[in-house]
Amino acid sequence: MKVTVVGAGNVGATCADVLATREIANEVVLLDIKEGVAEGKALDIWQKAPIIGYDTRTVGVTNDYARTADSDVVVITSGLPRKPGMSRDDLISVNSGIVKSVTEQVVKYSPNAIIIIVSNPLDVMTYQAHLTSKLPREKVFGMAGILDTARYRAFLAEALNVSPKDIQAVLMGGHGDTMVPLPRYTTVGGIPVTELIGKAELDAIVDRTKNGGGELVKLMGTSAWYAPGAAAAQMVEAIVRDQRRVFPVCLELQGEYGINGVYLGAPVILGKNGVERVIELQLNDEEKVMLETSRGHVKEVMDALDKMGQPA
Ligand SMILES: NC(=O)c1ccc[n+]([C@@H]2O[C@H](COP(=O)([O-])OP(=O)(O)OC[C@H]3O[C@@H](n4cnc5c(N)ncnc54)[C@H](O)[C@@H]3O)[C@@H](O)[C@H]2O)c1
Ligand SMILES: O=C(O)C[C@H](O)C(=O)O
């Protein structure tokens with residue numbers, strides 16, 4: 001399987017490294033617009049192969065999309081990250097242009113590829129890529145929910161002093177303050193989390209999850225990359241190995257949850273065809289209100305993109 005990662009920055013290089021180290025693909029092509037960046041990081045990853053022991057070939061190119069041709073999956077991480085004091089939405093004007101131009105090249109050389117968007121603001125960049133690619137929604141979707149649920153699970157594991165491997169959770173909605181963690185669908189080794197942790201502590205963990213990205217931007221001066229890169233690689237693995245994993249993924253809802261034409265995180269089955277199915281949870285009234293708030297916010301930012309007049 002051939003996988004291309006566009007953007008050889010913190011997230012893209014991490015994603016490429018995880019893909020190679022775990023032999024998720026036979027070939028990984030890392031592409032960047034900055035001369036030498038992708039070549040250098042790909043060479044460094046390849047030189048790690050004899051140490052760790054993997055056969056995946058990783059190559060880097062500078063803006064040479066011909067070398068990415070016929071990729072099975074393409075991960076798009078190209079774009080600016082935010083700095084302290086910024087919201088993800090502040091990135092929309094620069095990153096929408098980048099995502100549009102990159103997506104045009106991706107579909108030109110890999111018309112059958114499944115595209116995973118990472119660039120922020122994630123929900124609306126997924127919208128941009130879907131518009132530009134003209135592919136069905138099952139083939140163009142975004143990574144955020146795996147990251148957000150990973151943060152939620154990590155915080156819970158810490159609080160309960162248990163393995164993060166035994167915490168399962170679902171999270172929906174936009175990738176930002178209006179995200180909708182779902183404690184009702186959170187279990188610890190099959191045990192409902194509400195039987196193990198008090199409401200106040202759980203609410204604090206939900207709040208910390210909502211600000212998970214911002215906490216790291218404040219600490220590091222730029223956004224996270226280890227967990228995001230690994231999350232994107234996990235989505236690639238589900239596709240190339242046809243694992244039919246159940247993950248929260250950002251995609252255009254087409255009537256599910258009573259929502260049409262807005263890009264939100266929802267639980268899906270991810271396999272060789274991309275999104276195999278969108279799973280509709282039986283949300284309670286409180287959860288529906290939170291999802292509606294998230295929908296409203298994402299729609300506002302989508303409208304802002306439309307007003308910018310970025311032709312699809
Ligand atoms: N969806 C998520 O959960 C999530 C998580 C982390 C980061 N992000 C987002 O991912 C993006 C990348 O973050 P990062 O930390 O890797 O940033 P970074 O600055 O380290 O890397 C971005 C890379 O993109 C490259 N680039 C810019 N324009 C390009 C183009 N037209 N073609 C090819 N490459 C281009 C840059 O040269 C740079 O190397 C940001 O928008 C960030 O907000 C999203
Ligand atoms: O927070 C950011 O700007 C990056 C990303 O969306 C994250 O959640 O880590």
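How many residues are buried (at least 19 other Cβ atoms within 10 Å of the Cβ), of a type in the set (S, T, N, Q) and within 15 Å of ligand 1 (Cβ to nearest atom) when one looks only at the range 179-212? Total satisfying the criteria: 1. All conditions but one from (1) free of Cβ contacts under 8 Å to residues at least 60 places away in the same chain; (2) closer than 21 Å to Cys15 by Cβ; (3) within 16 Å of ligand 1 (Cβ to nearest atom) apply to Glu215; the one that does not is (2). Inspection of the range 153-160 identifies no residue that is free of Cβ contacts under 8 Å to residues at least 60 places away in the same chain, within 16 Å of ligand 2 (Cβ to nearest atom) and not assigned by the TED database to the domain that holds Leu251. Of the residues making up the range 35-51, just one is in contact with a helix residue (DSSP H, G or I) (Cβ under 6 Å, 6 or more places away or on another chain) and open to solvent by 50 Å² or more (accessible area, probe 1.4 Å), namely Lys41. Scanning the range 116-125 turns up at least one residue that is outside the structural domain of Pro267 (by the TED database) and away from ligand 2 (no atom under 13 Å from the Cβ).
Whenever a residue of the range 249-275 is without any contact (Cβ under 8 Å) to a residue 12 or more places away in the chain, its partners that are assigned to a strand (DSSP E or B) and open to solvent by 10 Å² or more (accessible area, probe 1.4 Å), lying with C-beta atoms within less than 7 angstrom and at least six residues away or across chains, give the pairs Asn260/Gln254; Gly261/Glu252. Annotation note: Cβ proximity below 7 Å between a residue of the range 131-142 that is at pLDDT 95 or above and charged (D, E, K, R) and a residue that is open to solvent by less than 50 Å² (accessible area, probe 1.4 Å) and part of a helix (DSSP H, G or I) (sequence gap 6+ or interchain) occurs for Arg137/His130.
The values are calculated or read from the model by the stated rules, or taken from the named source; none is laboratory data. Since we're looking at a predicted model, the values are computed, not measured. With ideal geometry, Cβ positions are generated from the backbone for all residues, glycine too; neighbour counts draw on all protein chains shown. Please note that ligands, DNA and RNA were not included when accessible areas were found on the heavy atoms of the full protein model with its side chains. Shrake-Rupley method; radii C 1.70, N 1.55, O 1.52, S 1.80 Å.
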